[in-house]
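So the structure is just underneath, and the comments pick up after that.
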Amino acid sequence: MDLGELPLRPHARRHRLWQLALVASKWWKMVNLSTIFWSDIAFKLDDVRLYLRKSQNALLNIKCVSVYGDAAEFMEIVATVAHRWKSITLSCTSGEDLVQQLQSPMPELTDMQITIRTRSELSGGHSLLQLQDLPKLNHLCLDN
């Protein structure tokens, strides 16, 4: 199984991990001890703290797609390890709470995609572009 093919959708990814872990005790240990299996963190993931703990110090790929403006708590949790973000995809209808979480230093970030689907302007909307400490950023996509 190619690791790149593991889906980022939380329930499908978790299901595939557990299928792999149940093959044999060797695979169980590999899944539980290999940080690469735990480094893709997606919104609606019930056990986001488990993924953060099991990923240890690995770089993280964060995906937060929120239709109902309910991603603030998820972003608060993953923002505590913003220094480990390798990529972030953020798509939401209300961005004010989420934009605040992007003000932390992100020295490992290489890819950032942000889509905020709203008809109103963000208060202090220019603050989104005041990102700091992004020495490895290769790709930035902002869409409204």
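Annotation: per residue accessible area for the stretch 20-65 equals 57 Å², rounded to a whole number [probe 1.4 Å, protein chains only].
A simple packing score, the average count of other Cβ atoms within 10 Å per residue, orders the peptides 59-66, 98-105, 29-36 as 59-66, 98-105, 29-36, with the highest score first.
Loop-resident chymotrypsin sites (Phe, Trp or Tyr not before Pro) (DSSP state other than H, G, I, E or B) in the stretch 41-114 with no more than 14 further Cβ atoms inside 10 Å of their Cβ: Tyr68.
The values are calculated or read from the model by the stated rules, or taken from the named source; none is laboratory data. Predicted model only: the values in this text are computed from it and were never measured. Reconstructed Cβ throughout: ideal geometry from the backbone, glycine too, with neighbour counts over all protein chains shown. Each accessible area value is taken on the protein alone, full model and side chains, heavy atoms only, with ligands, DNA and RNA left out. Shrake-Rupley method; radii C 1.70, N 1.55, O 1.52, S 1.80 Å.
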